[in-house]
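Trainee: What follows is a structure written as structure tokens; I'll ask about it next.
Derivation of every value follows stated rules applied to the coordinates shown; laboratory data play no part. Computed from a predicted model, the values in this text were never measured in an experiment. No Cβ is skipped: glycine too gets one built from the backbone with ideal geometry, and neighbour counts run over all protein chains shown.
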Amino acid sequence: MAEELTPRQIVQELDRYIVGQDAAKRAVAVAIRNRWRRQQLPDELRKDVTPKNIIMIGPTGVGKTEIARRLAQLVGAPFLKIEATKYTEVGYHGRDVESMIRDLTEMAIGMVKQEQRTQVETRAKERVNDRLLDLLVPQSNNWEPDNAEENERHQRTRDKMRARLDAGELEDRPVELNVEQKAVPVQIFSNLGMEQMDVDFQNMFERIMPKQAQQRQLPIREARRILLEQETEALIDRQVVSEKAVQLVENQGIVFIDELDKICGPQSTHGPDVSRQGVQRDLLPVVEGTTVNTRYGAVRTDFILFIAAGAFHLSKPSDLMPELQGRFPIRVELTDLKREDFLRILTEPKHALTKQYAQLLATEGLKLEFTQDGIEALADIAFEVNRTTQNIGARRLHTILERVVEDVSYEGPDLKNKHIVVDGGYVRDRIMSILEKEDLSKFIL
């Protein structure tokens, strides 16, 4: 889709879900379009054009993560959101920075496999039908391949069964199926540093573990699902999947590094600073361009787009290592949400919060109607609470709305009046008593 969308169209798509923050939307739209432009360049020039990474600066709840997440969905790129604080310096207990590329590659593998599944689905279904017929009409023990009469009789029976199978008449008939249980040794040991083991040894470890099989009696409708999975896996070429996934990660991958400001700060003067300077030093070569060994092959990070974000309340981007700053040339400041922004968030996005609550309660036969003054009251209270207590951005609306519809959500199935109007008075009745107790409001809202 990236090749079809102009930067203006990308911004228009993002506007359907995210209110405001035009500067951030423009920056990411241009970054995505530049990837398509790079693909059109001659090979000699293409290898020198690297993506311009972005830092989003702004308080929590203003849309930093949502912009990156919606962008990845829009262009169908492998996307990984991680917190910078979960990594530690190499040599200490915890995850090393390179594991983010391994995680991104796993996601790409899943995407490519899904694409390959759709391509082999028709062939897989034909093979599943043949296997089901083998289970329904097995060859007799004394079958002779040269016996033409017996072969013809067997084929007639098989054709009749095929017609009944296609007509859906045998869905409840039980068949005995050999189901392989997947071994999980890698998952068991992964927290003990398995990801840092030699990749070849890890694959060998998986191959030598015995596969457990179990005979199960299943109706045909369930057996078909299991057999379809087995046949699809058999038809997919793993080597092709690995090659395509690595190529997809290298050219289209997006890594969103949240909480970057938490690894900022002055260099420690007492002992090793595992969580700050050390992580920055390890992050630098990955962002700069290096080769990371994964179980699917070596992945170069030169052309992966990195989008970093942070509130930068107690620190500023200039507190980062100069080398790391240089790798994030585009800086976008996201603005605090005003009262007008809250109004738009409640009404404009495709799946706005008010629409979500109305649809949820509609499943109980309730009609929840938000009036204009009710929506304005919600926006006023959200803006005021953010201003006077802690500014948590649009997330404040979740806490306030949940409080407003709490009684209706609880009593919904038993209410005789199935039409609830949420106006300004209704909102203030349920919220103002909490807001008057300023100390208490910090805990409840």
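Trainee: Looking for whichever is closer than 30 Å to residue 417 by Cβ and in contact with a His (Cβ under 8 Å, 6 or more places away or on another chain) here; the options are 360, 353, 343. Which one fits? Quick ask: steps written out before the conclusion?
Mentor: Values: 360 fails: in contact with a His (Cβ under 8 Å, 6 or more places away or on another chain); 343 fails: in contact with a His (Cβ under 8 Å, 6 or more places away or on another chain).
Step by step, each of 360, 353, 343 is checked, and only 353 is closer than 30 Å to residue 417 by Cβ and in contact with a His (Cβ under 8 Å, 6 or more places away or on another chain).
Trainee: Working only within segment 408-427, note down all residues that are farther than 17 Å from residue 363 by Cα, in a helix (DSSP H, G or I) and of a type in the set (A, V, I, L, M, F, W, C).
Mentor: Of everything in segment 408-427, just one residue is farther than 17 Å from residue 363 by Cα, in a helix (DSSP H, G or I) and of a type in the set (A, V, I, L, M, F, W, C), namely 427.
Trainee: Let me ask something additional. I need a count of the residues in segment 35-48 that are among the hydrophobic types (A, V, I, L, M, F, W, C) and loosely packed, with under 14 Cβ neighbours inside 10 Å.
Mentor: Start the filter on segment 35-48 by keeping residues that are among the hydrophobic types (A, V, I, L, M, F, W, C), which leaves 36, 41, 45.
So of that shortlist, the ones also loosely packed, with under 14 Cβ neighbours inside 10 Å come out as 41, 45.
Qualifying residue count, segment 35-48: 2.
Trainee: Separate question: Give the number of residues within segment 279-305 that are assigned to a strand (DSSP E or B) and more than 18 Å from residue 83 (Cα to Cα).
Mentor: Residues flagged as assigned to a strand (DSSP E or B) and more than 18 Å from residue 83 (Cα to Cα) within segment 279-305 amount to 8.
Trainee: Within segment 101-142, can you find the residues that are over 13 Å from residue 228 (Cα atoms), assigned to a helix (DSSP H, G or I) and hydroxyl-bearing (Ser, Thr, Tyr)? Working first, answer last.
Mentor: Of the residues in segment 101-142, the ones over 13 Å from residue 228 (Cα atoms) are 101-116, 119, 133-142.
Those left that are additionally assigned to a helix (DSSP H, G or I): 101-116, 119, 133-136.
Scanning segment 101-142 gives a single hit, 105.
Trainee: Here's another thing I want to ask about it. Considering segment 321-363 alone, what residues qualify as being touching a strand residue (DSSP E or B) at 6+ places or on another chain (Cβ under 8 Å) and part of a loop (DSSP other than H, G, I, E, B)?
Mentor: Result: 327, 328, 334.
Trainee: Among (1) touching a residue at least 12 places away in the same chain (Cβ under 8 Å); (2) over 19 Å from residue 393 (Cβ atoms), which single condition is residue 66 missing?
Mentor: That leaves (2) as the condition not met.
Trainee: Of the residues 55, 32, which is surrounded by 14 or more Cβ atoms within 10 Å (Cβ to Cβ), in contact with a strand residue (DSSP E or B) (Cβ under 9 Å, 6 or more places away or on another chain) and assigned to a helix (DSSP H, G or I)?
Mentor: Criteria check complete, one pass: 32.
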